[in-house]
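One structure below.
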Amino acid sequence: MLSSIIAPLKDLKHGFKPVVDAGNKILANDALMPLNIAISLMSSGAYQERSLAVFLFGEIAPQEPVALDYLTTKVVDDPSWQVQEMLAKALDSYSAAIGYEAALPQIREWIKAKHPALNRAVIEGLRIWTSRSYFKENPEVAVGLISSLAPKLSKKDNVYLTRSVGNALRDIKKKYPDLVKDAVRNWDHSEVAVQQAYKLLQKK
């Protein structure tokens, strides 16, 4: 049963829908143990199977603290950009499942974390932040959380994180220009990474 669900993923070249479909089949089968399956798949040499593991972790994390721990301590080190994209989706899935307001302590923790991949995953995963419940009613919280990473961008030296910060603020700027303008007013433009993020958020 499990092999027939996973086998088609080996031919996956683009997109995440087949991964999500496979994950949902596993979750719908009471005879299967998604946490054990996900842990096992993380040792696979195929990014498609590790992506499936990350999807499963994200879906079961509200009930399985071990799954959330895997996402934030092990998946962040995966070299595959596809797995990192799935990590972003998984963090959003977890936050949506428990409620974005209830997830605020974890979201703040992820943003303050030392690992730039974890910072980037939460920033990217929750885009567009102000289309999410709670942040839709409290856009200033979203802007504050995202912009809090600006002083750390140069030290973290991660172009993907820099892009995510700039792009996420640009998303919000379209509807809340004054909030974003106030948040970036005191950015240190002598730092190259800050300049890059600022340039991105100014794009039309």
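Just so you know, all these numbers are worked out from the coordinates, no wet-lab data involved. In this text the structure is predicted, and so the values were computed from the model without any measurement. A quick note on method: Cβ atoms are made from the backbone with ideal geometry, for glycine too, and the neighbour counts reach across all protein chains shown.
For the chain, give the magnitude of the charge dipole about the Cα centre (Cβ charges: +1 Lys/Arg, -1 Asp/Glu; no others), in debye to the nearest 20.
Once rounded to the nearest 20, the dipole reads 880 debye.
Which distance in nm do the two modelled labels at E64 and N29 give, with both placed 7 Å along the Cα-to-Cβ direction?
Once both label points are built, they end up 1.4 nm from each other.
For region 118-159, with only Lys/Arg (+1) and Asp/Glu (-1) charged at the beta-carbon, what is the dipole magnitude about the Cα centre, in debye rounded to 20?
140 debye
Along the charge dipole of region 1-98, which of S80, S4, V54 sits closest to the positive end, that is, farthest toward it, with unit charges on the beta carbon of Lys, Arg, Asp and Glu (+1, +1, -1, -1)?
Towards the positive end, the residue furthest out is S4.
Which peptide among 188-198, 88-98 comes first, and what is the full order, when sorted by highest mean count of other Cβ atoms within 10 Å?
Ranked by mean Cβ neighbours within 10 Å, highest first: 88-98, 188-198.
What is the Å³ per residue value for the convex hull set by the Cα atoms of the chain?
Spelled out: Cα convex hull of the chain, divided by residues, is 116 Å³.
Among the listed pairs K17/K155; K13/K112; K13/K136; K112/K175; K10/K199; K74/K155, give every one whose C-alpha distance is greater than 32 Å.
The pairs that break the limit, which is 32 Å between Cα atoms, are K17/K155; K13/K112; K13/K136; K10/K199.
Evaluate the relative contact order of the chain (contact order divided by residue number), counting alpha-carbon pairs under 8 angstrom at least 6 apart; express in whole percent. Before the final figure, lay out the partial values.
On the way: 257 pairs, mean separation 26.9, N = 204.
With pairs under 8 Å counted, the relative contact order is 13 percent.
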